[in-house]
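Asker: Here it is, the structure in full.
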């Protein structure tokens, strides 16, 4: 009987699924969308096939590597928190040595693909982003300051720039505007989740803003950031990167984000924080899709 249960359990949870979980595929997919938009906006005509395909593969592998290193470094606190205790390492589905080898391997493969198949600029920038997230944020800032996600946000905001450099081979001011959008979007996005999981972070001794400064202060910060974000989101239209479709869509999405933040601050219910967090994901995804559609309209 125990053998049957064991075999059934193993078939229900194949090993490859645990390794895929390490790479945070949903997060990486959103990052690759923003990278693709950066590629499309960087060139006026057809995308170069090699740089586009290999660029997305390389960026995706290195982003997955950073995520896997995050799982490895955070396994102690992941075991404490309700949101993360079912991850492969806390559940004992994988061992630390195997995760380290996996994260290192896909990171190296991603770097090699970018360096030799795309260009060295994109390879080094992607490596810097990986180290910024996996080392600077996860190992130090996350445990050191309530402004952790603000300071380290630049690492997670880099994919549009990486996509841009992959097909153009150069840094451009317009690409940095796309980075700025994600950089300003990150704090209200993550702080909404931090409010929802405040007790978890307190139990794990992680100094997230709701833990150190209180929920009300964090709600005010979220609201102010969404207002600032609404202005930053207009910049692509103001500099001529996008047209009327993006302009109108950006305003509608920003008003939606501000409305969620306003409700969270002044008229909350138990699910307000997590609803704000979820809306923020759709906000960013739809915003970059608008940039893409507007570019080819």
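Asker: Considering only residues of the range 228-251 that are loosely packed, with under 15 Cβ neighbours inside 10 Å and at pLDDT 95 or above, which is nearest to the chain's Cα centre (by Cα)?
Answerer: Among those that are loosely packed, with under 15 Cβ neighbours inside 10 Å and at pLDDT 95 or above, it is 228.
Asker: Specify the residue that is surrounded by the fewest Cβ atoms within 10 Å (Cβ to Cβ); the eligible residues are those in the range 153-174 that are part of a loop (DSSP other than H, G, I, E, B) and under 19 Å from the mean Cα position of the chain (by Cα).
Answerer: Selected residue: 157.
Asker: Going by the structure shown, is residue 263 surrounded by 14 or more Cβ atoms within 10 Å (Cβ to Cβ) and either out of contact with any helix residue (DSSP H, G or I) (no Cβ under 6 Å at 6 or more places or on another chain) or over 19 Å from residue 231 (Cβ atoms) (or both)?
Answerer: On the way: surrounded by 14 or more Cβ atoms within 10 Å (Cβ to Cβ): yes; either out of contact with any helix residue (DSSP H, G or I) (no Cβ under 6 Å at 6 or more places or on another chain) or over 19 Å from residue 231 (Cβ atoms) (or both): yes.
Yes: the conditions hold for residue 263.
Asker: Please tell me if residue 99 is closer than 14 Å to residue 60 by Cβ, touching a residue at least 24 places away in the same chain (Cβ under 8 Å) and not assigned by TED's automatic domain parsing to the domain that holds residue 204.
Answerer: Numbers: closer than 14 Å to residue 60 by Cβ: no; touching a residue at least 24 places away in the same chain (Cβ under 8 Å): yes; not assigned by TED's automatic domain parsing to the domain that holds residue 204: yes.
Here the answer is no, as residue 99 does not meet what is asked.
Asker: Across the range 194-214, what is the number of residues that are part of a helix (DSSP H, G or I) and either in contact (Cβ under 8 Å) with a residue 24 or more places away in the chain or crowded, with 20+ Cβ neighbours inside 10 Å (or both)?
Answerer: 11
Asker: Only one of these conditions is not met by residue 241: (1) assigned to a helix (DSSP H, G or I); (2) touching a residue at least 24 places away in the same chain (Cβ under 8 Å). Which number is it?
Answerer: If we test residue 241 against (1) assigned to a helix (DSSP H, G or I); (2) touching a residue at least 24 places away in the same chain (Cβ under 8 Å), just (1) comes out false.
Asker: Given the conditions (1) assigned to a loop (DSSP other than H, G, I, E, B); (2) crowded, with 17+ Cβ neighbours inside 10 Å; (3) in contact (Cβ under 8 Å) with a residue 24 or more places away in the chain, which single one is not true for residue 90?
Answerer: If we test residue 90 against (1) assigned to a loop (DSSP other than H, G, I, E, B); (2) crowded, with 17+ Cβ neighbours inside 10 Å; (3) in contact (Cβ under 8 Å) with a residue 24 or more places away in the chain, just (3) comes out false.
Asker: Same structure again: Taking residue 122 as the residue in question, decide whether it is over 30 Å from residue 212 (Cα atoms) and either outside any helix (DSSP H, G or I) or touching a helix residue (DSSP H, G or I) at 6+ places or on another chain (Cβ under 8 Å) (or both).
Answerer: It is true that residue 122 is over 30 Å from residue 212 (Cα atoms) and either outside any helix (DSSP H, G or I) or touching a helix residue (DSSP H, G or I) at 6+ places or on another chain (Cβ under 8 Å) (or both).
Asker: Take the range 71-83 and flag every residue that is under 12 Å from residue 22 (Cβ atoms) and part of a loop (DSSP other than H, G, I, E, B).
Answerer: Across the range 71-83, the qualifying residue is only 74.
Asker: Only one residue in 20, 47, 41 is part of a helix (DSSP H, G or I) and closer than 30 Å to residue 241 by Cα. Which one? Step through it out loud before you land on a result.
Answerer: Working: 20 fails: closer than 30 Å to residue 241 by Cα; 47 fails: part of a helix (DSSP H, G or I).
Only one candidate passes the filter, namely 41.
The values are calculated or read from the model by the stated rules, or taken from the named source; none is laboratory data. None of the values given here were measured: they were computed from a predicted structure. Methodologically, a virtual Cβ is constructed for each residue, glycine included, from the backbone with ideal geometry; neighbour enumeration extends over all protein chains shown.
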